[in-house]
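Engineer: I am attaching a structure below and will ask some questions about it afterwards.
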Amino acid sequence: MTFTPMRRILAPFLIAMMLIVTACGETKAPSRWDKTQQESTQKPSKTQQTNAQRPNQTTNTQDQKLPSKAVAGGKLNKYFPANGGGYTRTFSQEKAGFAEAKLKKGSKDMAMLSINDIAGNPSAGAKFKQSSQKIGGYPAVQQGSTTTAVLVGNRYQVKVQSKDASFTANDREAWLQKFNLSGLANVK
């Protein structure tokens, strides 16, 4: 056949083009975990550091000075709600200042539960300052239509995020109350 010399040229050319196309492909957009990692490890801005260092300034409990180092993620696991009511909790991520668990009913993902230590990033707690809602005695906010969060001890942001449409705001509030919030408030 007369196609043999053409195949010798065409095959390496096609392989080279395939490698170039895949190497130059789009980069993956940052996930929500990347944003959480950035928030939990971000240093406070100079303005926040200056405000925290001013002596004899009266502050409310929302503006208290937080430690710069977050607690170990494994230390937060014991404050999550236990399995029950047909739901199973499975820890899915743990790092410094952050722990997360999936909440399943059968094989269906219903919600994500998380605790985030905002030490080192006190601006993450600013959204709770104007909150009029309380859950378990702690300020609470709705974040979009799928997430409810509370700020515990002005340091720990506890969130429940719906992963299924049947898991409502009332369900999120009920699961936030199942966390050991008072125990978490005492973690230093």
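The values are calculated or read from the model by the stated rules, or taken from the named source; none is laboratory data. Quick caveat: nothing in here was measured; it's all calculated off a predicted structure. Neighbour counts are summed over all protein chains in view; Cβ atoms, including those assigned to glycine, are modelled from backbone coordinates with ideal geometry.
Engineer: List every residue pair whose Cβ atoms lie under 7 Å apart, where the two residues are 6 or more positions apart in sequence or sit on different chains, the first residue falls within the stretch 111-134 and is of a type in the set (D, E, K, R), and the second residue, located anywhere, is surrounded by fewer than 17 Cβ atoms within 10 Å (Cβ to Cβ).
Structural biologist: The qualifying pairs are LYS129/GLN62.
Engineer: Only one residue in LEU113, LEU184 is aliphatic (A, V, I, L, M) and at pLDDT below 95, so which one is that?
Structural biologist: Working: LEU113 fails: at pLDDT below 95.
The unique qualifying residue is LEU184.
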